[in-house]
Amino acid sequence: MKRDTLFLIPDISGFTKFVKQTEVLHGQHIVSELLEILIDSNELGLTLSEIEGDALFFYKQDGIPDKNDLIKQSQSMFIKFHQHLRKYQGHRICECGACRGAGDLTLKIVAHAGTVDFITVKGQKKPYGQDVILARLLKNQVDSKEYVLLSESYMHQASSLISTVDFPWLNLEKGCTEYKSLGRVNYHYCSLTPLHQMVTDDKINKPIKTEQPVVVETSIDKTRDEVFEIIIDLEQRMKWNRFANKIEFNPDELNQVGTKHVCVFDSKTIEFESVKANFGEGNLVYGEKIINPPFFAKDITVYFIVGRQGTGCRIQLQVHYMLKPLMAWFMGPVFRYKNRKLYQQVLQNLKEWCENSLDEKCAGALGS
């Protein structure tokens, strides 16, 4: 039996351009996280029917939500979506096209009310019917990247007036579209752009930078961007940092500020947290703060600073540290000597891996 049903479609704007112009792997991570944010923002008891690449198709049959509840749902989704993006932009370390371009993504939301049938395909129940089609068609009818659209059908079926006190940003305008098979369809819409003012900045604790760090450096005959991507890719870490027996991390997360990983050695385990800092224009910087420093140290943070040098790059590794009082005078020289020796070898291993592995990739691409 057909029942009155709400259809709600949050749709990521800018998705097509984002997919075409960015690296696939990081793009998948970013879009997946955004879709999960929208799914977790479901406050109306909606049923998720489909994940359609850049959009979610929700429906609800047990009563059409009133206008204030639906506007509140749309507002919540938009703010949480952009809160995540703003945090990501502040925390990102990677400079690939996907990570740099994520901030251009935004959200449009379509709500329509109608009747629905269901079909079963391979045991999965799916909404079916004219109103399902119309809901999908409506999401491309406004000349804007970020808006909420309420069909005339929804406006008639939903109860209550919209509260101007709770939603002072809401200024609904009228629109209509003519479809050959469906006839004239009226709707109301409003820009969601004012909601950006409700998105807060995420605070990032500044990592330490001391006046006399341990410094080692080398040149690598590969581009700055190629070398930097290898450094921040934890999956490749064991290939050039050969001092650890094992590296533990979450492969489903992108490496960004706050990402944690663990290096396991023969006699100890060291926990790291990714950080970033500014070391001058034109340099790409990635840092790792030791969460469990040795007993004599208050803080140790290691920075990889990669800059251009001709057709290759110059990489500098700096160890910034603060030793505990009474420990500095006799542990300081030993600490500096051991770290300089250790990280000189780390950079040498990194240089060999970058130059050899990237050459092999190029040769493989040419031979394929």
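The values are calculated or read from the model by the stated rules, or taken from the named source; none is laboratory data. Note that this is a predicted model, so its numbers are computed, not measured. When we count neighbours, we look across all protein chains shown, and the Cβ atoms used for this are built from the backbone with ideal geometry, even at glycine.
Pick out the one residue from Arg242, Arg237 that is in a loop (DSSP other than H, G, I, E, B), farther than 24 Å from Lys203 by Cα and among the basic types (Lys, Arg). Within the list Arg242, Arg237, the selection yields Arg242.
Could you tell me whether Ile37 is surrounded by 12 or more Cβ atoms within 10 Å (Cβ to Cβ), under 22 Å from the mean Cα position of the chain (by Cα), within 23 Å of Tyr154 (Cβ to Cβ) and at pLDDT 95 or above? It would help to see each step written out before you state the result.
On the way: surrounded by 12 or more Cβ atoms within 10 Å (Cβ to Cβ): yes; under 22 Å from the mean Cα position of the chain (by Cα): yes; within 23 Å of Tyr154 (Cβ to Cβ): no; at pLDDT 95 or above: yes.
Spelling it out, it is not the case that Ile37 is surrounded by 12 or more Cβ atoms within 10 Å (Cβ to Cβ), under 22 Å from the mean Cα position of the chain (by Cα), within 23 Å of Tyr154 (Cβ to Cβ) and at pLDDT 95 or above.
Determine whether Ile64 is more than 27 Å from Asp143 (Cβ to Cβ) and either touching an Asp or Glu at 6+ places or on another chain (Cβ under 9 Å) or hydroxyl-bearing (Ser, Thr, Tyr) (or both). In short, yes. Looking only at residues in region 142-172 that are under 31 Å from the mean Cα position of the chain (by Cα) and within 13 Å of Leu70 (Cα to Cα), the one that is surrounded by the fewest Cβ atoms within 10 Å (Cβ to Cβ) is Asp166.
Residues checked against (1) surrounded by fewer than 19 Cβ atoms within 10 Å (Cβ to Cβ); (2) at pLDDT below 90; (3) under 26 Å from Phe15 (Cα atoms):
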| site | (1), (2), (3) |
| --- | --- |
| Tyr59 | no, no, yes |
| Ile64 | no, no, no |
| His82 | no, no, yes |
| His91 | yes, no, yes |
| Glu95 | yes, yes, yes |
| Gly101 | yes, yes, yes |
| Gly114 | no, no, no |
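Regarding Val334, is this residue within 15 Å of Thr210 (Cβ to Cβ) and of a type outside the set (Lys, Arg)? No. Residues that are touching a residue at least 60 places away in the same chain (Cβ under 8 Å) and in contact with a Gly (Cβ under 8 Å, 6 or more places away or on another chain) do occur in region 144-156. Being more than 30 Å from Phe304 (Cα to Cα), hydrophobic (A, V, I, L, M, F, W, C) and touching a Ser or Thr at 6+ places or on another chain (Cβ under 8 Å) holds for only one residue in Ile12, Ile79, Ile37, Ile93, and it is Ile12.
Can you name the residue in region 194-207 that is in a loop (DSSP other than H, G, I, E, B) and surrounded by 14 or more Cβ atoms within 10 Å (Cβ to Cβ) and is also nearest to the chain's Cα centre (by Cα) among such residues? Per the stated criteria, the residue is Asp202. If you go through region 259-301 and keep only what is crowded, with 19+ Cβ neighbours inside 10 Å and either touching a Pro at 6+ places or on another chain (Cβ under 9 Å) or of a type in the set (Lys, Arg) (or both), you end up with Val275, Lys276, Gly287, Lys289, Ile300, Thr301.
Gln256 satisfies every condition listed in (1) surrounded by 14 or more Cβ atoms within 10 Å (Cβ to Cβ); (2) out of contact with any His (no Cβ under 8 Å at 6 or more places or on another chain); (3) in contact (Cβ under 8 Å) with a residue 24 or more places away in the chain; (4) not hydroxyl-bearing (Ser, Thr, Tyr) except (2).
Screening region 71-80 for residues that are closer than 17 Å to Ile39 by Cβ and aliphatic (A, V, I, L, M) and picking the one that is surrounded by the most Cβ atoms within 10 Å (Cβ to Cβ) gives Met77.
Evaluation of Asp221 against the conditions (1) touching a helix residue (DSSP H, G or I) at 6+ places or on another chain (Cβ under 6 Å); (2) outside the structural domain of Phe272 (by TED's automatic domain parsing) shows that the sole unmet condition is (2).
Does Gly287 fit the bill of being among the small types (Gly, Ala, Ser), under 26 Å from Cys96 (Cβ atoms) and without any contact (Cβ under 8 Å) to a residue 40 or more places away in the chain? Explain how you work it out, then say what you get.
Values: among the small types (Gly, Ala, Ser): yes; under 26 Å from Cys96 (Cβ atoms): yes; without any contact (Cβ under 8 Å) to a residue 40 or more places away in the chain: no.
The answer is no for Gly287.
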